[in-house]
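The numbers here are math on the coordinates, done by the rules we state, and not lab data. Keep in mind that what you see is a predicted model, and the values were worked out from it rather than measured. Virtual Cβ from ideal backbone geometry, glycine too; neighbours counted across all protein chains shown.
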Amino acid sequence: MELGLAGRRALVTGAGKGIGRSTVQALHAAGAQVVAVSRTQADLDSLVRECPGVEPVCVDLADWEATEKALGVVGPVDLLVNSAAVALLQPFLEVTKEAFDMSFDVNLRAVIQVSQIVARNLIARGAPGAIVNVSSQGSQRALTNHSVYCSTKGAMDMLTKVMALELGPHKIRVNAVNPTVVMTPMGRANWSDPQKAKAMLDRIPLGQFAEVEHVVDSILFLLSDRSGMTTGSTLPVDGGFLAT
């Protein structure tokens, strides 16, 4: 299926690692111009070597003023993927203010800020656009030690719907993807314990975790005009976890 992404300009947060990095690589391969945002310069340097032409922006999205300064000058963007996130896992009774603030600053507040920057420019140009927020199955199911993380992703799902409602009249579509455990390097490290993995896999009808490509393919579809009548959706990429 031809997705028609060539020549379009996309911005991807969390571009240094994991789903964000793989999304940049896929968009670059599809012929899109990509602005890659990460807080880690070394990750951006290696990404630019792999994907010549990618425009790197190094900024900590938890810093509102720095983000405004860094992204306020990137120019017109047609497609946005909000992939940056932190997962600071603590038992509920041990949740700290620092973990709460950092989680909501990066996982939710930055999504609002970056999306505002992109959407305002789209509206000023009278151009259509698409935004995909990378959420989680944890937005809709309770996971042990994930109280703050699950809360940020539950909020992201509702933010996605409100954004779709308000930006739809401007021809800007907003959707979310909600993956299960994804076999990024971090995912492999966090779920390498067979006993821990089995407890989750037993709840997934397909009996496997997601590969990065499963998530990236869904993101690219939602960015493309092939999903032109889809907005406000939360798309599970979870092997059926949310169906159980």
Members of 17/161; 97/153; 17/153 lying beyond 24 Å, as alpha-carbon distances in this model show: 17/161
Average Cα contact separation per residue, segment 9-168, under 8 Å, 6 or more apart, as relative contact order %: 21
Beta bridges per DSSP with both ends in the chain, % antiparallel, nearest 5: 0
Likely footprinting exposure, 100, 92, fewest C-beta neighbours within 10 Å first: 92, 100
Fluctuation leader among 133, 145, 107 - the chain, Gaussian network, Cα springs under 10 angstrom: 145
Nonlocal amide H pairs with residue 35, under 5 Å, H built at 1.01 Å: 10, 11, 12, 55
Choice from 148, 12, 74 showing the highest fluctuation, given a GNM over the chain with Cα pairs closer than 10 Å: 74
Tilt relative to the chain, helix 147-167 - C-alpha long axis, 0 to 90 degrees, to 10: 30
Fraction of antiparallel bridges per DSSP, segment 108-244 only, in percent to nearest 5: 0
Whether segment 28-80 is rounded, prolate or oblate, judged on the alpha carbon gyration tensor where a/c under 1.5 counts as rounded: oblate
Hz values of 3J(HN,Hα) by residue in segment 190-195 - Karplus curve (6.51, -1.76, 1.60), Gly and Pro given as x: 6, 10, 7, 6, x, 5
Note, ³J(HN,Hα) from phi for segment 235-244, Karplus 6.51, -1.76, 1.60, rounded to Hz, x at Gly and Pro: 9, x, 10, 9, x, x, 3, 6, 7, 9
Simple spin-label estimate for residue 29 and residue 143 in nanometres, 7 Å along Cα-Cβ: 2.5
Mean ellipticity per residue at 222 nm, deg cm²/dmol - from DSSP H runs of n ≥ 4 across the chain, formula -39500 (n - 2.57): -12500 deg cm²/dmol
Nonlocal amide H pairs with residue 133, under 5 Å, H built at 1.01 Å: 82, 175, 176, 177
